[in-house]
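Quick notes on the structure that follows.
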There are 2 protein chains.
Amino acid sequence: MAEYKAPERDIKFALRNVLNVDQLAELDVFADATPDIIDGVIDEAAKFIEARLLPLRESGDAQGCKVADNVVTVPDGYAEAYRDFVESGWVGLCNDPQWGGQGLPYTLSKVVEEMTCAANVAFDLYPSLTNGCFEALQAHASDEQKATYLPKLGTGEWTGTMCITEPQAGSDLAAVRTKAVKQADGSYRISGMKIFITSGEHEMTDNIVHYVLARCDDSPEGIKGLSTFIVPKYLVNSDGSLGERNPVKCQAIEHKMGINASVTCVMVFEEAIGYLVGDQNRGIMNMFTMMNLARIMVGYQGLGQAELATQNAIRYAKERIQGKTLTGGDGPIADHPDVRRMLMTMKAYTEAARVMAYETAIHVDLAHQHPDASVREDANDWVELTTPLVKAFCTDLAVENGSSAIQVYGGHGFIKEHGIEQIVRDSKILCLYEGTNGIQAMDLVRRKLQLHGGRLAQRFFDRVRVAINDAESELDFISAPLDRALTALEATTQWLRDRFNDNPNDAGAGAVQYQRAFALTMLGYNWLRMADAALAYTDDADFKAAKLATARFFATRLLPEVHSLLEAVEAGDNGMMDLALDAL
Amino acid sequence: MAEYKAPERDIKFALRNVLNVDQLAELDVFADATPDIIDGVIDEAAKFIEARLLPLRESGDAQGCKVADNVVTVPDGYAEAYRDFVESGWVGLCNDPQWGGQGLPYTLSKVVEEMTCAANVAFDLYPSLTNGCFEALQAHASDEQKATYLPKLGTGEWTGTMCITEPQAGSDLAAVRTKAVKQADGSYRISGMKIFITSGEHEMTDNIVHYVLARCDDSPEGIKGLSTFIVPKYLVNSDGSLGERNPVKCQAIEHKMGINASVTCVMVFEEAIGYLVGDQNRGIMNMFTMMNLARIMVGYQGLGQAELATQNAIRYAKERIQGKTLTGGDGPIADHPDVRRMLMTMKAYTEAARVMAYETAIHVDLAHQHPDASVREDANDWVELTTPLVKAFCTDLAVENGSSAIQVYGGHGFIKEHGIEQIVRDSKILCLYEGTNGIQAMDLVRRKLQLHGGRLAQRFFDRVRVAINDAESELDFISAPLDRALTALEATTQWLRDRFNDNPNDAGAGAVQYQRAFALTMLGYNWLRMADAALAYTDDADFKAAKLATARFFATRLLPEVHSLLEAVEAGDNGMMDLALDAL
């Protein structure tokens, strides 16, 4: 069985020694988020997650979900774990106290989500989709709608869904066909089929709130004719009690590569009663407001799985003895250089990805809550720029680390009993949903680089340049290669922005490699800051030594990839798009 | 469901336009292997494989194998398919006619194996382990043993196994504990437990021949105390009829990430009767003789799965419509540059890997059968050098392509119904068995680079240099970057050989990256030759255009990785091994 111990020391190092999370407590709204509270929440969450969610990870995978007569059964133990997760307040950690939440920083809720996803990423989908639905309604619903749904969604007492995808409408939402017809009483009748609906049906809670993208019968075709609706599983009476069952049904569930404990439904709406959220034809805008948060959430799912892979591989490699080392020693396989390389690679990516993900979360808090508009703007730029990086890099990393962990385990990694191959199976979906990682790259290149005349990337480059210039000379081992990577990234960024106007296929052809090069440069910046913080770290000599050795490893062995990636980017389309489809 | 159409045009292009497979027919022993025969065998094999093996791929995965009371049941249809595979002569295609084979070139049997593995890699393990057992006995068994077992193994009428691994002895065979005690009649009693035994037990054939690595009770500890034994499931009477059931039993089967239609057994030997093969204490040498062939076989499994992923991704991307292209077109997703990039990447790696794998196979034939000793030596050098490359690169590629194919399919790739996620699950084991891909890299760096004063690599470098110098100027687009890659590879090769003596950890730390850089350079060499052959190709304009466009794509977008890989290699251990285990 895979083990998981929340990496609290590294979490706190990233939050405090590298990123100054305590600045959030200076904001009035987060006055309660003192260092003690933050540490206490992390400790308590770790205990719950290790004790209650981890043990269900492999059993839930083996058992999976079932559907019969439109009724879904989740694996044993999940309903009880979800109930206790709700009762312990983990769903509403960062939600507005007005809606039953605890009003703590979003950042802290993401740290808890990283741990939840490490222990049981399939479980995380129940609360995280609920939070997505909550956020959407909080942003766009009427006061009456909020009063009806948010107190239950804000705590997790009811769960929520996002009903977006249809068979012909995956990445292309313009093709959505689900129909909404207005009734005399102002409500709508919703008809159509939605697929890939996470938590679409189950019996764990009294009600489920579907947030549905549909097209009013008098709306135009295309992306500008879509609207969003609330469609509750059970109608809610005016006194808050539950009324009739709404005709929205789970017709089938998907059999998947992984996240088997999370139910993925084909949902059929048969003139189900729905309520328009916000204005008609503003559905896509209503979706976009929460898309960044949803993508960051998926990034944290990846981060958790990447950590799970890393710590199990390290533990196993320290225990498993096989043959002599290259220098004739009797040490475990962690003393074999190729195994050590894999462990260091996993550590180097994961720890720096943690800083990246946390920094984005802190900027979400600043962008939403800081009193100074210029700080909010700067923070928002950071969030916009780094969201695709967090989503794509952390999720690719989860699969990569899962695959590396299997290599460390050898043949034992391929059999189910160790719970390691499950990491690859559970993580692969993260690279697909909320926009495939290719779509993240297109968002970075087509949209984020173009915004405000390139301001977002420029602000990032300026920050990194300052850090390089300020670095102490004993950190030359990383600041020098980071300087080269940054210079190359800046040049290719300019090339991409230029080419995008002349031949967008040139930009599209290299978008994924550019995204990875950008993320690696950011990871280099994070390792520079981690190494700097480690120099001053006195609590634990081993931890300090590991940070400095891993920074050195990253700088010399992983960061150079930036240059070959950017060389490939600048090759552009190079005739690739001219090849006829029949010749492929 | 995944589809598979044998890529006969590309197979024949690689064999004939690039590699001159017809030189084999000039050898007396292969006089029958005329172009017509070769093409005819490929056509017939493709028909059988597409019609009989592909349809069992997904059903076999879903159903898996079962064990009850030591009796193993394989999925529906497998016994019949195996019987017909045997009756059609596919098992013995390249085996000596003396033992029921057809005596065709090994190369041709590998081409058939690529197709078999594309359609159903789990099925392939039944004949391929049988061939491994056959080859081992052919090389080391006594005439009497050969007469008893080879006629049945050579046709596949009986299947064979390799019983090597034990719980404490995976990569480290010195730790093998299975015991052999000599009896008065010259036979042995074998006792112990073996794990991960592919095809260890089933009812598809009348008998199973286990080839077992064990330690005689009077042999020393360690690697030099091991011997090999034949342990038949049913004892064979002197008239060839089957006698008593030998006490070698399947105690349990493994539940795995993939290849579920292939049974993986825990085998228990309870004083089973065994027969020593070759001399006592020569077991490891007996294993090594067939290790190259086994590793090449696994490489072909990877090649087949890589092809399966590629052709399904291309087909789906040509059919699936989602949104507008970047230039405003209505084409399918294959016209989106990031999807096109994925398709071209899969094609570029897979087609060049095919040439690599075929070239190694042709050199196996030459090394075994050519009358001129210097040709045999040269061919054997090629086989030794390229075996780890074929094994590691093709199997990593299978997982990579499987993962890319899922990305092309989007969320649909994650659900089982399309048969695409199965590629990743079936392929991951290929990176582990017959020596993990890290062990392949150590074999390359520690052994193959050191042999004969570095002659193996030097001969390769010389061949590539000649091809670069001879290339027509219209191929500068690939010969120039290949020249740079080769120069860098030569320099790092020298660095590695030097460092290996001073600090073996320096060499070990970068072995995997070096192996990939070496393989990419070889793929560049293959693309140079494919582009050259394409210039003269007149049969099909689309095929020619695709070859040239893919060569250009490889040269500009994939080959540059060589430089960042080699930069990482030359970073060496860099303090990584000094980090205390407790600090990891």
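Every number here is computed from the coordinates shown, using simple stated rules; none is lab data. The structure displayed is predicted, hence computed values, not measured ones. Note: ideal-geometry Cβ built from the backbone for every residue, glycine included; neighbour counts use all protein chains shown.
Within 10 Å of the Cβ of each residue in B:546-557, the mean number of Cβ atoms contributed by other protein chains is 5.
Residue pairs exceeding 18 angstrom between C-alpha atoms, taken from A:Lys318/B:Lys256; A:Lys416/B:Lys391; A:Lys152/A:Lys233; B:Lys179/B:Lys249: A:Lys318/B:Lys256; A:Lys416/B:Lys391. Express the Stokes-Einstein translational diffusion coefficient of the protein assembly as shown in µm² s⁻¹, to the nearest whole number, given a Kirkwood radius over alpha-carbon pairs, 25 °C and a viscosity of 0.890 mPa s. For these conditions, the coefficient is 79 µm²/s. A Cα-only calculation for the range A:160-283 places Rg and Dmax at 14.2, 45 Å.
With a/c under 1.5 counting as rounded, go ahead and sort the range B:437-578 into rounded, prolate or oblate using the C-alpha gyration tensor (a ≥ b ≥ c being the square roots of the eigenvalues; past the cut-off, prolate if a/b is larger than b/c, else oblate). In terms of gyration-tensor shape, prolate. About its Cα centre, the range A:160-283 has a charge dipole of approximately 240 debye under the convention of +1 per Lys or Arg Cβ and -1 per Asp or Glu Cβ, with nothing else charged.
Can you give the local net charge around A:Thr386? Use residues other than it whose beta-carbon is closer than 12 angstrom to its beta-carbon, Lys and Arg +1, Asp and Glu -1. Computed value for this residue: +1. Per-residue packing, averaged as other Cβ atoms within 10 Å, sorts the ranges A:572-580, B:205-213 into the order B:205-213, A:572-580, beginning with the highest. Counting only other chain Cβ atoms within 10 Å of each residue's Cβ, the peptide B:319-325 averages 4.
Identify the residues of the range A:319-355 with backbone N under 19 Å of a label point that sits 7 angstrom from the Cα of B:Gln168 along the Cα-to-Cβ direction, or state none. The answer is A:319-325, A:329-334, whose backbone nitrogens lie closer than 19 Å to the label point.
Contact order, relative form, for the range B:161-285: 31 percent (alpha carbon pairs under 8 Å, 6 or more residues apart, mean separation divided by residue count).
A simple charge model with +1 on the Cβ of Lys and Arg, -1 on the Cβ of Asp and Glu and nothing else charged puts the dipole of chain A at about 940 debye relative to its Cα centre.
Distance from the axis that maps chain A onto chain B is least for the Cβ of the chain A residue given, with the whole Å value, as A:Ser564, 2.
When the Cα positions of B:Leu565, B:Met442, B:Leu475 are compared along the charge dipole of the range B:437-578, B:Met442 comes out farthest toward the positive end, with charges on each C-beta of Lys, Arg, Asp and Glu. Counting Cβ atoms of other protein chains within 10 Å of each Cβ in B:393-403 and taking the mean gives 1. Taking one equal scatterer on every alpha-carbon of the range B:334-474, how large is log10 of I(q)/I(0) by Debye at q = 0.10, 0.12, 0.15, 0.17 1/Å? So the normalised log intensities work out to -0.47, -0.65, -0.90, -1.03. Taking the C-alpha atoms only, the angle from helix A:106-140 to the longest principal axis of chain A is near 40 degrees.
Given their separation in residues at 0.36 nm each and the Cα-Cα distance between them, B:Glu44 and B:Arg9 gain 11.2 nm when the chain is fully extended. The listed peptides B:214-227, B:542-555, ordered by packing as a protection proxy, come out as B:542-555, B:214-227 (highest mean of other Cβ atoms within 10 Å first). Relative to the longest principal axis of the Cα atoms of chain B, the long axis of helix B:337-369 makes an angle of roughly 50 degrees. Using the Stokes-Einstein relation with a Kirkwood hydrodynamic radius computed over Cα pairs, the translational diffusion coefficient of the range A:50-112 at 20 °C and a viscosity of 1.002 mPa s comes to 159 µm²/s. For B:Thr538, the point set 7 Å out from Cα toward Cβ sits 8.3 nm from its twins in the other copies, listed from shortest up. Between the listed residues A:Ala252, A:Ile273, A:Ser238, the Cα displaced farthest toward the positive end of the dipole of the range A:235-323, a dipole computed from Cβ unit charges relative to the Cα centre, is found at A:Ala252.
A simple charge model with +1 on the Cβ of Lys and Arg, -1 on the Cβ of Asp and Glu and nothing else charged puts the dipole of the protein assembly as shown at about 40 debye relative to its Cα centre.
Against chain B, whose longest principal axis is taken from its Cα atoms, helix B:143-153 shows a tilt of about 60°. Note on chain A: Cα-Cα pairs beyond 37 Å make up 33% of the total pair count.
Each peptide in A:535-541, B:18-24 gets a packing score, the mean of other Cβ atoms within 10 Å over its residues, and the list from highest to lowest is B:18-24, A:535-541.
Comment: the Cα-to-Cβ extended label point of A:Arg447, at 7 Å, lies 5.3 nm from its counterparts in the other copies, nearest first.
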